[in-house]
10 protein chains.
Amino acid sequence: MNDPKTALGRKILGLKRANGLTWAEIAARIGMSPVWTCALCMGQMSAEPAQAKGIAELLGLDEEEAALLCEIPYRGAQPMPPTDPLIYRFYELILVYGTSWKEMIQEEFGDGIMSAIDFDMALERQPDQKGDRVKITLSGKFLPYKRY
Amino acid sequence: MNDPKTALGRKILGLKRANGLTWAEIAARIGMSPVWTCALCMGQMSAEPAQAKGIAELLGLDEEEAALLCEIPYRGAQPMPPTDPLIYRFYELILVYGTSWKEMIQEEFGDGIMSAIDFDMALERQPDQKGDRVKITLSGKFLPYKRY
Amino acid sequence: MNDPKTALGRKILGLKRANGLTWAEIAARIGMSPVWTCALCMGQMSAEPAQAKGIAELLGLDEEEAALLCEIPYRGAQPMPPTDPLIYRFYELILVYGTSWKEMIQEEFGDGIMSAIDFDMALERQPDQKGDRVKITLSGKFLPYKRY
Amino acid sequence: MNDPKTALGRKILGLKRANGLTWAEIAARIGMSPVWTCALCMGQMSAEPAQAKGIAELLGLDEEEAALLCEIPYRGAQPMPPTDPLIYRFYELILVYGTSWKEMIQEEFGDGIMSAIDFDMALERQPDQKGDRVKITLSGKFLPYKRY
Amino acid sequence: MNDPKTALGRKILGLKRANGLTWAEIAARIGMSPVWTCALCMGQMSAEPAQAKGIAELLGLDEEEAALLCEIPYRGAQPMPPTDPLIYRFYELILVYGTSWKEMIQEEFGDGIMSAIDFDMALERQPDQKGDRVKITLSGKFLPYKRY
Amino acid sequence: MNDPKTALGRKILGLKRANGLTWAEIAARIGMSPVWTCALCMGQMSAEPAQAKGIAELLGLDEEEAALLCEIPYRGAQPMPPTDPLIYRFYELILVYGTSWKEMIQEEFGDGIMSAIDFDMALERQPDQKGDRVKITLSGKFLPYKRY
Amino acid sequence: MNDPKTALGRKILGLKRANGLTWAEIAARIGMSPVWTCALCMGQMSAEPAQAKGIAELLGLDEEEAALLCEIPYRGAQPMPPTDPLIYRFYELILVYGTSWKEMIQEEFGDGIMSAIDFDMALERQPDQKGDRVKITLSGKFLPYKRY
Amino acid sequence: MNDPKTALGRKILGLKRANGLTWAEIAARIGMSPVWTCALCMGQMSAEPAQAKGIAELLGLDEEEAALLCEIPYRGAQPMPPTDPLIYRFYELILVYGTSWKEMIQEEFGDGIMSAIDFDMALERQPDQKGDRVKITLSGKFLPYKRY
Amino acid sequence: MNDPKTALGRKILGLKRANGLTWAEIAARIGMSPVWTCALCMGQMSAEPAQAKGIAELLGLDEEEAALLCEIPYRGAQPMPPTDPLIYRFYELILVYGTSWKEMIQEEFGDGIMSAIDFDMALERQPDQKGDRVKITLSGKFLPYKRY
Amino acid sequence: MNDPKTALGRKILGLKRANGLTWAEIAARIGMSPVWTCALCMGQMSAEPAQAKGIAELLGLDEEEAALLCEIPYRGAQPMPPTDPLIYRFYELILVYGTSWKEMIQEEFGDGIMSAIDFDMALERQPDQKGDRVKITLSGKFLPYKRY
């Protein structure tokens, strides 16, 4: 059931290119962050009606498409393991750092996890003389395992 | 060939617990960051001799074990997809955000990737009234795809 | 790193049988629920020291084994798809009811998930003339997807 | 052969949204439970003609679509492991609790399984000050392994 | 946890060979059918104490081994797809006849399944001039899908 | 290349339903067994021209469709592991009984297999007070492994 | 259960090398073909007692090892897809010629298969100016699909 | 990119049947062997223009289809493991004989492989009183592993 | 999202054939290397507008197709393991040489990798009396693992 | 059967480190190339007796270990997809360049492959102001697909 939202994503990418817009500009139109707005347009998030309306007006989507932005997706269209090198590098981070994340989060917080639902993130350019860097900041609520 | 380094990691976890040490304290001993130090001890990084010596002295490892810390690992002992919920949540982030990371990094930097080798990260507690959060900061050099 | 906890689980199953104990009786000893206590003993949960001590005294475990009960497991030793018919039936429920759970939870709560961490459950015998039934009650906190 | 029933499911989701109906209201129309009715509409159950007729009248389906509701599905359209986070959490419960379910059911009932066929379930909102909870009640007939 | 029962199975195969016994003879000793008795010895079924005692006496097993016969197995040690040609042929029958079994059982019984739990089977030699045949008779209770 | 025969199978299922026919009735028309006839119609067997003609006349298929019934299929359209519970139960039987079938057939016949090609089967209702049973009889020629 | 026979195979390879024997010489000792004898020694076939005795005498195996040669193996220890290039080339032949074998055998024989049980083969050096060739001759009984 | 060649293969199978041709007759028309000609038509080989023209004239293909016969395929359309029993038997031969082929070829030729590229094969009927046999002769150049 | 670029690749292959062009000639038109130009046309690289324009003019592509050449691909359309023998041989090189590459690169450079992004390659014919050879030269920047 | 050769490889790595040797030095001792010598020591090639003797003398291996160097390996111990980032990059090259290699080799040579058996390679440091590069040169004999 993910298909219509993913197809809309492809259409939005085209409109974004044609209109010379950035994710930051689209996000500013609805008062949300660029990452979430991008994920919404790629078909992985659900918008509230006002947000969908804002995007639809900016990009020239019709009402059915705006409604589609509000639908909750069947998430996870990304093939695994990722075949695209950019996306694969994040998969590789899990292979290399998975156990370290576990040990460090548990040392600090005890038994539990970092939520991927009550979660937000940002992505920015980090200027650097030896070559600019991609800086990603993840923030998820710690959820302790319930003992009952 | 990963096995001896992973086994050493299990021993270090025990010594760390027995000595009441934190990753930050172990890291401070060798002047490195806690995440890298943890990854080193979990068998996923290679140390320089002085770093290995510092950890060996702190934890009471013998020379052979110190040398093992210097060996370059066959990385990636983590089972995929991860069965542990804490580690799985990062896998889920790829499923949900993979295409957004691609679109956003490429919008900002053009065709290329974020390096997972010229890479560093930090992990900290983010106090929050609704429940403290895990904050993770990733930083990788942007590598443009060569056109030749 | 799951192995020692799983091995301890096998030992506990033997001691439980030898002592004619039920999960309810072991759970009562530490004031916890039978399901959680069983999951703890099977190596999938972490105990607080007092809980571990209670179980160790009841079953005759040594201090190292009590400490092992307190360690946080690398969860998920269960092979997938399950080969055991009893466990497979739960897998089959996902195949048949997965989309229905999604539609019903989202109708009631909006975009989000049922937590498997802030979660508890109970299992009981439901007498029935046509054959007694297994009744399982799951309860997980609803976590709304953050929009940011 | 699952396709036509799954496609009908997508159409029903649209009609349900357009008519502002809940699963409880659709279920009430045919005197069945909401979960079963939802599973039927999602293409995973087969209706009796009167039930199909009730749903068809309520939603404006034609006769062929009503007949399709009566057809027995090739069950199991859900991808495994689930990529959607809401559905994945149930998969994770098997990873974590699979062996505990086995030990507890067998302690109480002996060698056998909980039926996933002579099975029913309910799903409800459980109000809670710290955040409402999803409560799911499963009930399946215990089937003892035949010794012959 | 299947291992000790499978290992016992290998030992029983050796004792059976050494004592020149058939499955029919072992089964007769405990008043059960040869197929079930064989499955029990191969570690896939659980015996009642008297049955385990009968087999232990016949084959010279000790008490711990007799108790192991009574333990409920984590079933399903068979690799899939089967690599052994004899076992693979049954897998091939599913590939070829799976949809036919579904259509024929449902034509006769309606929506439901043949139980693999309330199930028994027999295996016999069917003399035939063109070469004797293996005759297998399966019998499982029909379980109708509950509508609720 | 299986597709046209599978698609024809779906059409035949519709015609069978529309005409209120049973597999036994279709089979009787061409003097064959119901199981084989069902497997033929489901696209897993090849008919002789006279048999195809009989079915075509009974159901109103055209000549091209009759010819398609005579074509030898690329067998095995069934997804594995089966996602449909009715078909999965047969897969489960292999997991549980695979090694027993091997030991019993070899005890009786020596080193070899039960043919899945020189093979026939029947399926019938077995009345039973505790609930009717599905009875399946398989018969395959024993093929001894050639020693050369 | 394949392990002891495979382990014996490794021992036989060592003895064969130490004694400077060829498969043809070992085969001649028991009056069988080199391929079958090799497959027997590699743990994939079962010998008659006299054959096992002949090999045991030639290579200096003890009685238990001779008996092991007579046991029927759980066949199929070869990993798939093959990682060894020599064995992989046969896998590649299936990828490339699989459909051609099907069309050609069926053109000649009708609906059925070439038996892999009532089967024999030979392997020889084919001198050739451009480089000697490996010549393999397979012969399997044609088994027609039974229509019933 | 395999698709157009595979689709052409299906068309050729239909024309071959309609014209009552055999692979031997088609092969004779272009002076090649039946197996290679069949593999070419099934989309797994590439023809020289004159060969393609010969087949096109015989079967009534147009110029574009003749050109398609000359294109080099992306080989390997066969699903693995094979689901069709005829093709699966060859896969089973690898499972059973893979290690024997390796040991025998290496005994005769040293370290290297049988080429699957500089390779030819033939397939014929082998009359036999107990049932005719399929005889397949494979011949591939031995390629020694280069030491450098 | 790879599809339109892959489809364009198929079209370009046809135009290249129809115009009797080589990759070297197409590459020369835009002043780039043949390998990169080929990878671009196969949909795995992104062009700068002038490069896309050059190719479009040479081959007669329209503006939309030229723009498609500039889009950054979701890389990795190649099935794995490769089914085509030419491509599989590179996969086999990893199986055989993977650990050697690791040991040799690390001996020379220390802990790090050869970049597949800051990477270029060339492919040429190497005349040889015993048969011409394919010579491939890979060059990737060494990236040292950051210690932080 | 790969295990003893892989284990010897681990021992050789230790001896190489202890003796401060490079692959070039070990290779020079036996007059072979460094890459082949490294692959031999890692257990993926077979040596001639004189070569094995040279390595054994240099590193202090015993006769049995020298003999092991001469044994032909069951090649391919590398896990796939590779989990180690250094080795994975080569896998990624296949994902990105696989189809380009195919098109370019075929343009130059026609239908066939680059041999991975009649194959050699070299690896060297390529000084570069922007960071030194790894240069790998592969050379394999072109093998044309036989038409017969």
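For segment H:1-146, please report how many Lys pairs fall under 25 Å Cα to Cα, leaving out neighbours fewer than 8 apart on the same chain. Display every interim value, and only then the final one.
Working: H:K5/H:K16; H:K5/H:K53; H:K11/H:K53; H:K16/H:K53; H:K16/H:K135; H:K102/H:K135; H:K102/H:K141; H:K102/H:K146.
Total qualifying Lys-Lys pairs in segment H:1-146 comes to 8.
Just the Kirkwood number for chain G, please: inverse of mean 1/r across all distinct Cα pairs, in Å, one decimal.
Values: mean 1/r = 0.0568 Å⁻¹.
One decimal place: 17.6 Å for the Kirkwood radius.
Once ligands and nucleic acids are excluded and a 1.4 Å probe is used, how much of H:D111 is accessible, expressed in Å² to the nearest 10?
20
Long-range amide H contacts for I:M45: which residues qualify at under 5 Å (H placed 1.01 Å from N, peptide plane, sequence gap of 5 or more or a different chain)?
Under 5 Å from the amide H of I:M45: I:L40.
Considering the convex hull of the alpha carbon atoms of segment E:80-148, report its projected area averaged over all viewing directions, in nm², one decimal.
Numbers: hull surface 26.8 nm².
For the Cα atoms of segment E:80-148, the hull's average projected area reads 6.7 nm².
What is the percent carbon and sulfur in the accessible area of segment B:3-70, measuring with a 1.4 Å probe over the protein chains and ignoring ligands? Walk me through the numbers before you get to the answer.
Values: 1550 of 2880 Å².
The nonpolar share, carbon plus sulfur, comes to 54 percent.
When the dipole is taken about the Cα centre of segment E:85-144, and only Lys, Arg (+1) and Asp, Glu (-1) are charged at their Cβ, what size is it in debye, to the nearest 20? Intermediate values should be presented prior to the final figure.
Details: 7 positive and 10 negative charges, 59 e Å.
So the dipole magnitude of segment E:85-144 works out to roughly 280 debye.
Please work out the C-alpha center-to-center distance from segment G:29-66 to segment C:19-67 and express it in whole Å.
Measuring centre to centre over Cα atoms gives 54 Å.
Restricting to Cα atoms and excluding each atom paired with itself, what does the Kirkwood estimate give for segment A:3-70 in Å? Kindly include the intermediate steps, with their values, before the conclusion.
Numbers: mean 1/r = 0.0880 Å⁻¹.
About 11.4 Å for segment A:3-70.
With Kirkwood's inverse mean 1/r over C-alpha pairs for Rh, give me the Rg to Rh ratio of segment F:64-116, two decimals please. Don't skip to the end; give the middle numbers.
Values: Rg = 16.4 Å, Rh = 14.1 Å.
When Rh is taken as the Kirkwood radius, the ratio is 1.16.
In vacuo Debye scattering of the protein assembly as shown, one point per C-alpha: log10 I(q)/I(0) at q = 0.04, 0.05, 0.06 Å⁻¹?
Ignoring solvent entirely, the Cα scatterers give -0.26, -0.42, -0.63.
With charges set only on the Cβ (+1 for Lys and Arg, -1 for Asp and Glu), what does the dipole of segment E:1-141 come to about its Cα centre, in debye to the nearest 20?
Dipole magnitude for segment E:1-141 comes out near 460 debye.
Per residue of G:124-131, what is the mean number of Cβ atoms on other protein chains within 10 angstrom of that residue's Cβ? Write out the running numbers ahead of the final one.
Details: counts 2, 4, 4, 0, 4, 0, 2, 6.
Partner Cβ neighbours, averaged per residue: 3.
So what's the net charge close to D:Y88: Lys and Arg +1, Asp and Glu -1, counting the other residues with Cβ under 11 Å from its Cβ?
Net local charge, D:Y88 excluded: +1.
Non-local amide H neighbours of D:D128 (under 5 Å, H modeled in plane, Pro and chain starts lacking H): which ones?
Long-range HN contacts for D:D128: D:R133.
Only Cα pairs within less than 10 Å get springs; with that Gaussian network setup on chain F, which residue of F:P34, F:P127, F:P81 has the largest fluctuation?
Highest fluctuation among the options: F:P127.
In the Gaussian network model of chain C, springs joining C-alpha atoms below 10 Å, which of C:E124, C:E63, C:E103 carries the largest mean-square fluctuation?
Among C:E124, C:E63, C:E103, the largest mean-square fluctuation in the Gaussian network model of chain C belongs to C:E124.
Could you pull out every whole DSSP H run in chain F that spans at least 30 Å of Cα extent along its own axis and averages 0.0 or higher on the Kyte-Doolittle scale? Could you put the intermediate results ahead of the total?
On the way: long enough: F:85-109 (33 Å, 0.10).
Span-like helices, by this rule, are F:85-109.
Before anything else, pin down the relative contact order of segment G:3-70: Cα pairs under 8 Å, at least 6 apart, normalised by residue count, whole percent.
Numbers: 69 pairs, mean separation 23.0, N = 68.
In percent, rounded to a whole number, it is 34.
Please report the residue of chain J with the smallest beta-carbon distance to the J-to-A rotation axis, and give that distance in Å, no decimals.
Of all Cβ atoms in chain J, the one nearest the axis gives J:P81, 3.
Each residue of segment B:130-143 in turn: what ³J(HN,Hα) in whole Hz from Karplus with 6.51, -1.76, 1.60 and θ = phi - 60°, glycine and Pro shown as x?
Each residue's phi maps through the Karplus curve to give 7, x, 4, 10, 8, 10, 10, 10, 9, 9, x, 5, 7, 10 Hz.
With an 8 Å Cα cut-off and a minimum separation of 6 or more residues, compute the relative contact order for segment J:85-144 in percent. Walk me through the intermediate numbers first.
Numbers: 54 pairs, mean separation 19.3, N = 60.
Normalised by residue count, the contact order of segment J:85-144 is 32 percent.
How many angstrom lie between the Cα centre of segment B:91-108 and the Cα centre of segment A:88-140?
If we compute the Cα centre of each part, the gap is 13 Å.
Connecting C-alpha atoms closer than 10 Å in a GNM of chain C, tell me which of C:E108, C:E25, C:E48 has the biggest fluctuation.
Highest fluctuation among the options: C:E108.
The values are calculated or read from the model by the stated rules, or taken from the named source; none is laboratory data. As the structure is a prediction and not an experimental result, all values here were calculated from the model. Neighbour counts are summed over all protein chains in view; Cβ atoms, including those assigned to glycine, are modelled from backbone coordinates with ideal geometry. We work out accessible area using only protein heavy atoms, side chains counted, and drop any ligands, DNA or RNA first. Shrake-Rupley method; radii C 1.70, N 1.55, O 1.52, S 1.80 Å.
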